[in-house]
Amino acid sequence: MGHHTFDASRADKLERAERRYRFCSREELRWALDSAETDTVADLGSGTGFFTDDVAPHVETVYAVDLQEAMHDYYREKGVPENVDLVTADVSDLPFEDGDVDAAFSTMTYHEFASEAALEEITRVLAPGGRLAIVDWAASGTGEDGPPTDERYSADEATEALKAAGFAIEHVAVRPETFLLVATLE
C-alpha cells in the first residue's frame, strides 16, 4: 500500500465538481479543517488544486503539495490563487520548517502516501495542536470509483496509524465509498 499515484494524463477528471463533491463537499472540508484566516495550510496530494481552491480564500497561505510536476503544470494553466504556493515534494520529505503548518488535509490521496515516514513528517511540520483532515477511499467501498480496494485503507487502519503518530482523533465518519478522519496533533 501507499504506492498508487493518480495518472497526471487524466487530470481533467479531477476537475469534475459533480463527481468530486459527491465524496467530499467544500463545506465539509472547511468544517474539518476549522482553520482561521491567518492559518498556513498544506494540501497533501493537491493534484489540480480542485480542493486547494476551496480552502485558499479562507486562509493566509496554502501549500499545494504534489509529487507530480505535471499536476502543478495543469494547475498553473487553470490559474493558481495568489496565496497558493506550489510545492513539488513527497509527503515523507516536506520542505517546511518544524511547526510551520497550522493545518493539513488530504482528499483522496492518503492511500498514495500512507506510511510511518509520511505521518512522522506531517507531525514534524504541523504546529502543536495542528489539525489534519483526511478524506480517502475506504477499503470497505465497492471499488466502482477510486483506486482498487486492495490499495485502500479502512478508517480503523488510518485511525490507528494516526494515533501511533501522536494524533488525537476528533471525528471519524465512514460512508459507502470513503471515510473522513479529523485529528489534532497532541
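The values are calculated or read from the model by the stated rules, or taken from the named source; none is laboratory data. What you are looking at is a predicted structure, and each value in this text was computed from that prediction instead of being measured. When we count neighbours, we look across all protein chains shown, and the Cβ atoms used for this are built from the backbone with ideal geometry, even at glycine. The accessibility values were calculated without ligands, DNA or RNA, using every heavy atom of the protein model including side chains. Shrake-Rupley method; radii C 1.70, N 1.55, O 1.52, S 1.80 Å.
Inter-label distance, D90 to E116: 1.6 nm, where each label sits 7 Å from its Cα along the C-beta direction. Can you figure out the FRET efficiency of N83 with E144, using R₀ = 45 Å and their beta-carbon distance, to the nearest 0.05? It comes out at approximately 0.80.
If you build the Cα gyration tensor of the chain and take the root of 5 times each eigenvalue, what three semi-axes come out, in whole angstrom, biggest first?
Details: eigenvalues 87, 84, 48 Å².
Over the Cα atoms of the chain, the semi-axes work out to 21, 21, 16 Å.
Average accessible surface for the chain: 46 Å² per residue, computed with a 1.4 Å probe over protein heavy atoms with every protein chain in place. Both the radius of gyration and Dmax for region 52-128 are 12.4, 35 Å, in that order, over alpha-carbon atoms.
The value of relative contact order for region 46-186, using C-alpha pairs under 8 Å at least six residues apart, is 19 percent.
Per-atom-type breakdown for the chain gives carbon and sulfur 45% of the accessible area (1.4 Å probe, protein chains only).
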